[in-house]
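In what follows, a single structure is set out as structure tokens and then discussed.
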Amino acid sequence: MGYTLAEKILKDHLVEGELKRGSAIAIRIDQTLTQDATGTMAYLEFEAMGVKRVKTEKSVAYIDHNTLQSGFENADDHRFIGSICKKHGIYFSRPGNGICHQVHLERFGIPGKTLIGSDSHTPTGGGIGMIAIGAGGMDVAVAMGGGAYHIVCPEIVKVELTGKLSPWVSAKDVILEVLRILSVKGGVGKIIEYAGEGVKTLSVPERATITNMGAELGATTSIFPSDEITRAFLKAQKREADYTPLQADADAVYDRVITINLSKLKPLAACPHSPDNIKSVDEIGNMKIDQVCIGSCTNSSLLDMMKVAYILKGKTVHPDVSLSIAPGSKQVLNMLAENGALSILIDAGARILESACGPCIGMGQSPNSKGISLRTFNRNFEGRSGTKDGQIYLVSPEMAAISAINGYLTDPREIGDMPDFKLPEVFTINDNMIVPPVAEEDMDSVEVLRGPNIKPFPTSEPLDNSIVAGVSLKVGDNITTDHIMPAGAKILPLRSNIPAISKFCFAVCDESFHDRALEMKQSIIIGGANYGQGSSREHAALAPLYLGVKAVITKSFARIHKANLINAGIVPLTFQNEADYDLIDLQDELELTNIKSAIRENAPIVLLNKTKNKVIPLVQEFSDRDREMLIDGGLLNFTKNRA
């Protein structure tokens with residue numbers, strides 16, 4: 001029996017366990033990336049580990065989230081990260097150089113390598129044939145220190161692509177179709193592996209669009225083969241030496257196979273407020289729109305921008321529509337300027353934003369009240385845009401551009417004939433915004449620069465024998481990390497200050513949570529299904545830790561958030577019977593008796609609702625390492641205890 005592509009790379013990097021579905025494994029990590037919204041905390045954690053230099057093949061820190069410098073906080077964080085990188089062996093991508101996933105694909109991604117990043121859309125690297133996984137900052141810090149990355153060995157789902165995309169139907173429509181089939185929960189515990197003749201019709205940027213939004217499936221990662229198209233992309237980036245051909249064995253066995261005929265796909269949109277709320281443009285109709293935003297790590301490549309420029313050429317943005325465009329990297333922006341496409345975008349009335357995450361992370365460009373905004377982004381969670389009642393639709397760049405001209409949602413197939421858009425044979429290469437670290441022998445001369453907003457991360461204590469605590473919050477299904485720890489221009493500058501940022505914890509769900517949790521001193525949160533879906537932000541675990549949350553009990557968890565809770569020393573448990581969720585209310589007093597010994601021995605866990613006198617069986621799903629971490633009080637204590 002042969003191996004899938006993902007299995008081949010995992011096998012080559014396996015350091016613990018065996019490639020058996022559902023079993024705990026550990027893999028060696030070749031590369032890491034961080035971004036500034038999560039990076040400050042990751043580097044504070046790296047410092048606390050006491051490792052002098054990173055031990056990966058390549059580690060890169062990007063500044064792309066907190067780029068709006070309305071106060072000293074973001075600028076201070078950027079200086080801190082830059083000085084840490086210079087000292088400890090990390091490459092530093094300066095503000096303005098671009099979005100981490102776009103730049104990493106262009107300049108650093110290598111087929112067959114492993115990459116973890118403190119951003120949930122790190123699987124973008126799968127478009128170039130990497131095993132690229134989003135993780136919490138603490139996991140990234142451990143990997144930078146030479147530690148392995150621990151996961152549950154995933155199932156492998158094969159998506160067989162046949163045919164070829166019709167004119168003005170795009171890679172964005174492919175991943176929206178996958179989301180329609182699998183839902184935002186359908187990828188949990190799985191790797192999505194793309195194969196078939198249709199793969200050969202997709203460029204690397206198109207593949208990266210698809211793997212990028214695999215994060216919205218809840219998947220561990222997504223991956224495409226590395227083939228001659230990959231080679232051509234790397235050659236154009238003057239990195240052909242990094243090319244390695246990679247594909248699955250012909251007799252590889254998959255846990256599930258999905259077939260998608262690219263020729264039959266139609267333009268699709270994800271409707272408010274979930275990436276899997278998929279409808280065709282025909283089903284939605286000619287809906288009047290207020291705003292269009294083009295960019296993000298999903299759709300900001302040169303190929304995307306050239307299609308947009310073609311559509312906008314000689315046209316003017318509708319007077320009722322605000323159009324903003326953010327090229328994904330300095331390379332993309334440079335090449336748009338060189339070939340004249342940037343002038344076309346400006347002439348049409350587009351507002352050109354810097355090469356950064358921008359509106360996707362809630363950093364400006366919030367729509368008007370109840371405004372309908374078409375975005376080429378990857379998430380449309382309620383309130384994420386910065387406008388609480390904003391109606392956000394996720395669409396392709398092609399649909400976004402023609403709709404901006406017409407003022408209403410428009411099927412891009414109405415444009416007519418489509419040129420054969422091709423990537424350049426050689427990209428403009430200028431890495432002057434990437435700062436290399438100093439040599440190891442010079443590192444002691446580098447001062448780490450800390451601003452007053454940078455506070456120590458919260459410490460956790462070893463697990464108590466029993467937990468007796470009240471319910472500080474009860475929430476429903478599909479709670480996202482944006483619900484738990486919102487982003488946006490107001491909150492992101494506080495990412496290095498857990499006491500300050502904790503004031504916004506769960507504010508989207510219940511503005512009184514922060515004060516109530518502090519007053520209770522220790523508490524338990526009750527949640528529904530797919531709790532913690534969305535980004536990798538470990539602040540969604542660290543803020544509750546600071547506020548005294550000892551356990552989170554849900555119907556089910558999203559993968560990264562569950563790992564982040566364990567890393568923080570918060571116990572994540574699930575109901576044995578989902579109906580028991582209804583037996584608990586806000587402020588009920590709960591007791592987890594002998595929780596420490598139950599976790600150590602993998603014994604049954606019973607929750608006593610002392611208020612209602614109900615006994616509720618719970619399920620623990622932990623690896624042996626998870627158990628030790630929880631008993632120690634989290635990953636940092638676990639690492640220190642075994643140093």
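Using a simple spin-label model with points 7 Å from Cα along the Cα→Cβ vector, what separation in nm is obtained for ASP255 and GLU511? Between ASP255 and GLU511, the label points sit 4.3 nm apart. Determine the dipole magnitude for the stretch 269-413: charges of +1 sit on the beta-carbon of Lys and Arg, -1 on that of Asp and Glu, nothing else is charged, the reference point is the Cα centre, and the result goes in debye to the nearest 20. Value, rounded to 20: 120 debye. Normalised by the number of residues in the chain, the mean separation of alpha-carbon contacts (under 8 Å, six or more apart) gives a relative contact order of 15 percent. Placing one equal scatterer on every Cα of the stretch 189-301 and applying the Debye formula, the log10 ratio I(q)/I(0) at q = 0.13, 0.24 Å⁻¹ is -0.66, -1.59.
If R₀ is 60 angstrom, what is the calculated FRET efficiency for the pair GLU578 and LYS266, using the beta carbon separation as r and rounding to 0.05?
With a Förster radius of 60 Å, E is 0.95.
Selection among THR593, LEU608, GLY532 by position relative to the dipole of the chain gives GLY532 as farthest towards the positive end (Cβ unit charges, Cα centre).
Annotation: amide H of TYR408 within the under-5 Å range of ILE289, sequence separation 5 or more or interchain, hydrogens built in the peptide plane. Here the extension length gained between SER466 and ASP442 equals 3.7 nm, from 0.36 nm per residue of separation less the Cα-Cα distance. I'd like the distance between the alpha-carbon centres of the stretch 270-288 and the stretch 79-101, rounded to an integer number of Å. Result: 38 Å between the Cα centres. For the chain, the dipole from Cβ point charges (+1 on Lys and Arg, -1 on Asp and Glu) about the Cα centre works out to 240 debye, to the nearest 20. Extending 7 Å from Cα along the Cβ direction at VAL15 and again at GLU57 yields two label points whose distance is 1.5 nm.
Over all other residues within a Cβ to Cβ distance under 11 Å of VAL435, the charged ones net out to +1, with Lys and Arg as +1 and Asp and Glu as -1.
Rounded to the nearest 10 degrees, the angle from helix 72-88 to the longest Cα principal axis of the chain is 90 degrees.
Taking every DSSP beta bridge that has both ends in the chain, the antiparallel portion is near 35%. Taking the helices alone, the chain has a mean residue ellipticity at 222 nm of -8000 deg cm²/dmol, built from -39,500 (n - 2.57) per DSSP H run of at least 4 residues and averaged over all its residues.
Taking the Cα atoms only, what angle lies between the long axis of helix 330-339 and the longest principal axis of the chain, rounded to 10 degrees? Between the helix axis and the principal axis of the chain, the angle is about 10 degrees.
For the stretch 338-433, the list of chymotrypsin sites (Phe, Trp or Tyr not before Pro) that fall in a loop by DSSP and count at most 16 other C-beta atoms within 10 angstrom reads PHE421. The angle between the Cα long axis of helix 559-568 and the longest principal axis of the Cα atoms of the chain comes to about 40 degrees, rounded to the nearest 10.
For the stretch 342-481, the square roots of the Cα gyration tensor eigenvalues, ordered a ≥ b ≥ c, give a/c of at least 1.5 with a/b no greater than b/c, which places it in the oblate category. For the stretch 40-130, the square roots of the Cα gyration tensor eigenvalues, ordered a ≥ b ≥ c, give a/c of at least 1.5 with a/b no greater than b/c, which places it in the oblate category.
Values quoted throughout were computed directly from the atomic coordinates according to the rules given, and no laboratory measurement underlies them. Computed from a predicted model, the values in this text were never measured in an experiment. Note: ideal-geometry Cβ built from the backbone for every residue, glycine included; neighbour counts use all protein chains shown.
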